[in-house]
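Following: one structure in structure tokens, then a few remarks.
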Amino acid sequence: MYCTSTQLKLLSEHELVSYERQGKLKLPQSYCDFMKTYGDGTYNGTICINSPDFHLINIIFLSTGL
């Protein structure tokens with residue numbers, strides 16, 4: 001895998017469970033596995049995978065009325 005970010009951050013099981021509790025949701029297992037193995041960051045210069053940002057998600061939902 002070609003990574004372009006120098007700030008990759010692997011997530012622990014504890015962090016993922018905390019995200020699920022905070023967001024009151026269940027993250028897909030494949031996403032959890034990826035985040036524990038590779039972490040968040042930019043891959044191949046085009047794909048950006050991040051950990052959940054519930055503040056941003058709330059803003060989007062409020063602005064779109066979803």
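Details
- Unmet requirement for C32, which otherwise passes all of (1) in contact with a Lys or Arg (Cβ under 9 Å, 6 or more places away or on another chain); (2) at pLDDT 90 or above: (1)
- Any pair with Cβ under 6 angstrom, 6 or more apart, that starts in segment 34-53 at a residue that is hydrophobic (A, V, I, L, M, F, W, C) and ends at one that is outside any loop (DSSP other than H, G, I, E, B): C48/T42; I49/D40
- Filtered residues of segment 9-37 (kept if loosely packed, with under 14 Cβ neighbours inside 10 Å and part of a loop (DSSP other than H, G, I, E, B)): L10, S12, K24, L25, K26, P28
- The residues in segment 38-52 that are β-branched (V, I, T), within 18 Å of L27 (Cα to Cα) and assigned to a loop (DSSP other than H, G, I, E, B) can be counted, and the count is 0.
- Scanning segment 53-66 for residues that are surrounded by 11 or more Cβ atoms within 10 Å (Cβ to Cβ) and in a loop (DSSP other than H, G, I, E, B) gives a single hit, D53.
The values are calculated or read from the model by the stated rules, or taken from the named source; none is laboratory data. For clarity, every value in this text was computed on a predicted model and none was experimentally measured. Every residue, glycine as well, gets a Cβ built from its backbone with ideal geometry; the counts of neighbours run over all protein chains shown.
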